[in-house]
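Below is one structure, written out as structure tokens; the observations come after it.
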Amino acid sequence: MANYIFGVNILENLTTGMYRESQIIFREYIQNACDAIDKAISQKILAAGEGRIEIWIDTENRQISIEDNGAGISADEFETTLQSIAQSSKQIDTEKGFRGIGRLCGLAYCKELIFSSTAKGENIISVMKLDAQKLRGKFYGKKKYTAQEVLDEIITVEKISAADITSKHWFKVELLDINSENETLLDVQKVTEYLSFVAPVEYKEYFFFQSKIYEHAAALNFKIDEYKIYINGEQIVKNYKTTFKTSLGEDDIFDVAFEDFYDDAGNLIAWLWIGLSKFKAVISQKKDTSSYKMRALRLRKGNIQIGEADSLQNLFKEERGTYYFIGEVFAVDKKLIPNSQRDYFVENPELKNFESALREYFKELYKIYYQASNFNSAVRAVQTYETAKTEFQNKTFVTPKQKIDAEKELDELEEKAEIANKKIERFQNENSTSAPDILSRVIFRIIDKAEKISTPPPETEDNKFKNLFPNLNRSERKLVTKILDVIRENVDVKTFKILQEKIVEAVNQ
């Protein structure tokens, strides 16, 4: 039987042909670094929490380095490990980088790619240099060269003796002279923004709901893998915030909800958290905003994002559905295996079960944002009428016709507001005694916030408070103002108005 020959173009397929965006190379090298740290911890070389991944971007010299303090690679295994393509000793169901091809991705984006490493107990630094410029300039497209012949010519390896490093262990990737067409790799801000939602890092310190997420994961006996990753000395975190912008204005996360997914045998296959908001509209589509960067239900395996923000888009009834939400889906089943590009999972029965479970739950999410949208519209109808009525009362009309037209428009708005109010009251009556589900919690939030916005704030000295309490001095009026503020924030509109009238009456007696 003839030997199979792999041409040089296979190297191009494993580099430029593998990824949609150049920034993905950071993910590839980070997942290998995470595995090295896990290995060091399992070997008692590192204690949990001591692992670090340091990324240095030197814009001026057009260089990038990615270094971890994981187990490293011993001098004896260095060449064999790094020269093996698509042959890895890693476990496919437990480790993050397992195909043995990601390390070559840097070849497409620089003039020279360098790997260096040392393992604990050694006094040797192993270095491998790959001439990426030579690879692209001399060999790509030349059918007469085999991949092996090319690698032999572009790779050099050396072993450097170094004193007093026997306690050290690390692995470093260096990309020298980044290509002019790959400027985004040198943009520290863009790389940070990319990794803040892709990399396996902890939540931003001030993201209020992180404790609930950790508690839910612990209850499932699920460990969210997190690593300390730095860019030019600044730690990367998942940059989730509680406020965000939609196409209909600002919204905020007031709580989080969870859903767990199990197979027929009762095994956990995935779980998710979603931020609960008023779901006013699709989250901002302006790419330069923080809202855009954190929107969508993001798919994760090993706490590394799978694909882009839209990985689960096709499982929603409407493709825009995922963009009403902020949250994460953690894939748990070991047989949910990322494909070679890590933009989705390998097709298998487990993936079908996973998709079926999510698709069914996403129908419920559709109901939530659809009904929330209806109630937001109802609230806007009421508020529009109230605003129009105030403007009508304060407006001076030049001609009788102007007033008649305005009255007609106001009548139409009033009719819409009455219908909206009946809808709101009916919902409140039907749900006043039952335990609220997610949809009810969202709608109650919409109504509650709307009432507080439409309720006139307690009068202050700057407006009518002076007239309400003419017998009080300034300090006394301030005290009454604070009391009314507290009442307004903690009771419904109707009760507040009653109490306000009684307080005014009592104080002025």
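What follows is calculated from the coordinates using simple rules that are stated; it is not laboratory data. Small disclaimer: the values here were computed from a predicted structure and weren't measured. In this analysis, Cβ positions are derived from the backbone assuming ideal geometry, glycine residues included, and neighbour counts consider all displayed protein chains.
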Subject >> Karplus-derived 3J(HN,Hα), 6.51/-1.76/1.60, for each residue of segment 349-357, Hz, glycine and proline x >> reply: x, 5, 5, 4, 5, 4, 5, 5, 5
Original post:
Computed FRET efficiency, Cβ-Cβ of residue 356 and residue 473, R0 51 Å: what is it to the nearest 0.05?
Top reply: 0.15
**OP:** Pop a pseudo-label 7 angstrom from the Cα along the beta-carbon direction at both residue 377 and residue 212 and give the gap in nm to one decimal.
**Re:** 2.8 nm
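Add -39500 (n - 2.57) for each DSSP H run of 4 or more in the chain, then divide by its residues: what number comes out at 222 nm, to the nearest 500 deg cm²/dmol? Provide the component values of the computation, followed by the final result.
Numbers: 13 runs with 197 residues, N = 509.
My calculation for the chain gives -12500 deg cm²/dmol from helical runs alone.
Taking a threshold of 31 Å on the Cα-Cα distance, which of the pairs 293/352; 190/352; 172/241; 238/363; 301/367; 287/389 fall above it? Don't jump to the answer; show the numbers that get you there.
Numbers: 293/352 29 Å; 190/352 35 Å; 172/241 33 Å; 238/363 27 Å; 301/367 27 Å; 287/389 38 Å.
As for pairs spanning more than 31 Å Cα to Cα, those are 190/352; 172/241; 287/389.
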Original post:
Which peptide among 177-188, 375-386, 26-37, 159-170 comes first, and what is the full order, when sorted by highest mean count of other Cβ atoms within 10 Å?
Top reply: 26-37, 375-386, 177-188, 159-170
Subject >> Zone residues, segment 366-407, relative to residue 430, backbone N less than 13 Å from point 7 Å out along Cα-to-Cβ >> reply: 371-372, 375
**OP:** Pull out the extension gain between residue 205 and residue 485, defined as 0.36 nm times the separation in residues minus the alpha carbon to alpha carbon distance; nm, one decimal.
**Re:** 97.8 nm
Subject >> Rounded tilt (10° steps) of 210-219 against the dominant C-alpha axis of the chain >> reply: 70 degrees
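State whether segment 247-454 is rounded, prolate or oblate according to the following rule on the C-alpha gyration tensor (a ≥ b ≥ c being the square roots of its eigenvalues): a/c under 1.5 gives rounded; otherwise a/b larger than b/c gives prolate, and the remaining case gives oblate. List each step's numbers first, then the result.
Details: a/c = 3.43, a/b = 2.29, b/c = 1.50.
Prolate shape, in that a/c is at least 1.5 and a/b is the bigger ratio.
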Original post:
Nearest 0.05, what FRET efficiency do residue 42 and residue 319 give at R0 = 35 Å with Cβ-Cβ as r?
Top reply: 0.25
Original post:
What nm distance separates the two modelled labels at residue 347 and residue 258, each placed 7 Å from Cα along Cα→Cβ?
Top reply: 3.4 nm
Subject >> Semi-axes of the equivalent ellipsoid for the chain, Cα gyration tensor, largest first, Å >> reply: 59, 25, 23
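How much length is gained if the chain between residue 419 and residue 159 is pulled fully straight, taking 0.36 nm per residue apart and subtracting their Cα-Cα distance, in nm to one decimal? Before the final figure, lay out each step's value.
On the way: separation 260, 0.36 × 260 = 93.60 nm, distance 8.01 nm.
Contour length minus the Cα-Cα distance gives 85.6 nm.
Based on the Cβ-Cβ distance of residue 144 and residue 366, what FRET efficiency does E = 1/(1 + (r/R0)^6) give at R0 = 45 Å, to the nearest 0.05?
Details: r = 56 Å, r/R0 = 1.25.
Efficiency at R0 = 45 Å is approximately 0.20.
Could you sort 262-274, 212-224, 58-70 so that the peptide with the highest average Cβ count within 10 Å comes first and the rest follow in order?
Numbers: 262-274: 15.5, 212-224: 13.5, 58-70: 18.5.
Averaged packing, sorted descending, gives the order 58-70, 262-274, 212-224.
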Original post:
At what distance in nm do the modelled label points of residue 265 and residue 505 sit from each other, each positioned 7 Å from its Cα along Cα→Cβ?
Top reply: 7.1 nm
Original post:
residue 405 to residue 228: extension gain in nm, 0.36 nm per residue of separation minus the Cα-Cα distance?
Top reply: 57.2 nm
